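Okay, so here's the structure we're looking at.
The values are calculated or read from the model by the stated rules, or taken from the named source; none is laboratory data. Because the structure is a prediction, the values reported are computed rather than measured. Because the Cβ atoms are built from the backbone with ideal geometry, glycine has one as well, and the counts that use them run over all protein chains shown. Please note that ligands, DNA and RNA were not included when accessible areas were found on the heavy atoms of the full protein model with its side chains. Shrake-Rupley method; radii C 1.70, N 1.55, O 1.52, S 1.80 Å.
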Amino acid sequence: HAAGLAHSDLSYKNVLVDPTTGDACIIDIDGLVVPGKYPPDVVGTPDFIAPEVMATMKLSRDDPKRALPKRETDQHALSVLIYMYLLYRHPLRGRKIHHSDPMIDEELGMGEKALFVEHPTDLQNRPNPDDVGPGYLPWADVDKRPFTVTGPYLTALFKKAFIDGLHAPSKRPSADEWERALVKTTDLMQPCANPACEQKWYVFDNTTAPCCPFCGTKFVGELPVLNLYSSRGKGKFTPDNHRLMVYSDQYLYQWHVNRLVFPNERLANEHRTPVGYFKLHHGRWVFVNQRLTTMKVLGEEEQIVAPNSMIELKDGQQILLSPEDGGRLVHVQLVKCS
């Protein structure tokens, strides 16, 4: 996308994920769109075709009003794919019927008349909560499992994709925005205290009374929240709108230590090893520093935290993880939840 190219057929058939390693790859690249050289051979896979492409599909390919696959249509397909992966339902397939002819209804519902099933003000396309039997995706009731369970970062992008950008391609979130939001959302994850919870994990909702949205189990106890700030030069640290919700045995990585490191396919091997971990030790939250050589606790009396040593997390504490450009400063909050 950064080079102006497009896949043209992103779908769950062409994105492969290995659940054991977390690796993912995109296949079927022979339909790559190169502007001015290789036009699109296909318009996409049903469920993932952008509304503007669906609405103009019957026009001649030479018609200037015909919308063809490009970066922005990829961005729509990617948004649909992420929504379906996380919420097990389609963002546009609801109960709204536009025409008695199924083919025309499909063209309208996925094209000109496309409407987000969780639109905040237009409720006409809400899915039928009874559609949970054979042949239907689970989680059909969007009131019980709203897209907001994905957390603040992904919620903002789903709104951008399916409200602001559904019929305005230039407003759709980029692949880079999705990648960064997914990484930051991972840092908001908390394990559910209920061992029988089907989902096991949930995204922290930025309240002082976190509760698993899947089984209703409340978090009880002291919850460390690390607010990340990063250096922009000359010792000035600015907020990154990035928080880390701590749980016992959680690892800290180099991409938490420095904002210039990012966990994507270009991540260097030396950055894949954890630099430390958190532990609830005898009722106290501690961080065990394994590899950071410049870590210290700031204050009137600075405390050096050498590798292979441990510090207790305290409310209001400021911890410098790295003094380098892009290095992170952590502000600790201990939230008491009951």
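Within the bounds of region 315-323, is there any residue that is farther than 22 Å from Lys234 by Cα and out of contact with any Pro (no Cβ under 8 Å at 6 or more places or on another chain)?
Within region 315-323, one or more residues are farther than 22 Å from Lys234 by Cα and out of contact with any Pro (no Cβ under 8 Å at 6 or more places or on another chain).
Kindly check whether there is at least one residue in region 231-241 that is open to solvent by less than 50 Å² (accessible area, probe 1.4 Å), free of Cβ contacts under 8 Å to residues at least 40 places away in the same chain and of a type outside the set (D, E, K, R).
no
Keeping to region 6-30, report how many residues are touching a helix residue (DSSP H, G or I) at 6+ places or on another chain (Cβ under 9 Å) and more than 12 Å from Val42 (Cβ to Cβ).
Result for region 6-30: 3.
I'm trying to understand the selection: among the residues of region 25-57, which are within 22 Å of the chain's Cα centre (by Cα) and within 12 Å of Leu78 (Cβ to Cβ)? Spell out the reasoning first.
Looking only at region 25-57, we keep the residues that are within 22 Å of the chain's Cα centre (by Cα), and these are 25-27, 47-50.
Correct list: Ile26, Phe48, Ala50.
Filter region 322-338 down to residues that are under 15 Å from Gln254 (Cβ atoms) and within 25 Å of the chain's Cα centre (by Cα), then give me how many there are.
Qualifying residue count, region 322-338: 4.
Condition first: of a type in the set (D, E, K, R), touching a strand residue (DSSP E or B) at 6+ places or on another chain (Cβ under 6 Å) and either buried (at least 18 other Cβ atoms within 10 Å of the Cβ) or without any contact (Cβ under 8 Å) to a residue 40 or more places away in the chain (or both). Now tell me which residues in region 287-338 satisfy that.
Once the filter is applied, which keeps residues that are of a type in the set (D, E, K, R), touching a strand residue (DSSP E or B) at 6+ places or on another chain (Cβ under 6 Å) and either buried (at least 18 other Cβ atoms within 10 Å of the Cβ) or without any contact (Cβ under 8 Å) to a residue 40 or more places away in the chain (or both), region 287-338 yields Lys296, Glu302, Glu312, Asp315, Arg328.
Kindly check whether there is at least one residue in region 41-58 that is farther than 21 Å from Glu106 by Cβ and touching a residue at least 12 places away in the same chain (Cβ under 8 Å).
yes
Pick from region 24-72 the residues that are open to solvent by 100 Å² or more (accessible area, probe 1.4 Å) and of a type outside the set (Lys, Arg): which of them is nearest to Gly94 (Cα to Cα)?
Quick first cut of region 24-72, residues open to solvent by 100 Å² or more (accessible area, probe 1.4 Å) only: 30, 37-38, 41, 58, 61-62, 64-65, 70.
Now drop any that are not of a type outside the set (Lys, Arg), which leaves 30, 38, 41, 62, 64.
Working: Asp30: 33, Tyr38: 36, Asp41: 30, Asp62: 33, Pro64: 31 Å.
So the residue we want is Asp41.
Going by the structure shown, is Lys113 under 21 Å from Ser11 (Cβ atoms) and open to solvent by 30 Å² or more (accessible area, probe 1.4 Å)?
On the way: under 21 Å from Ser11 (Cβ atoms): no; open to solvent by 30 Å² or more (accessible area, probe 1.4 Å): yes.
No, not satisfied.
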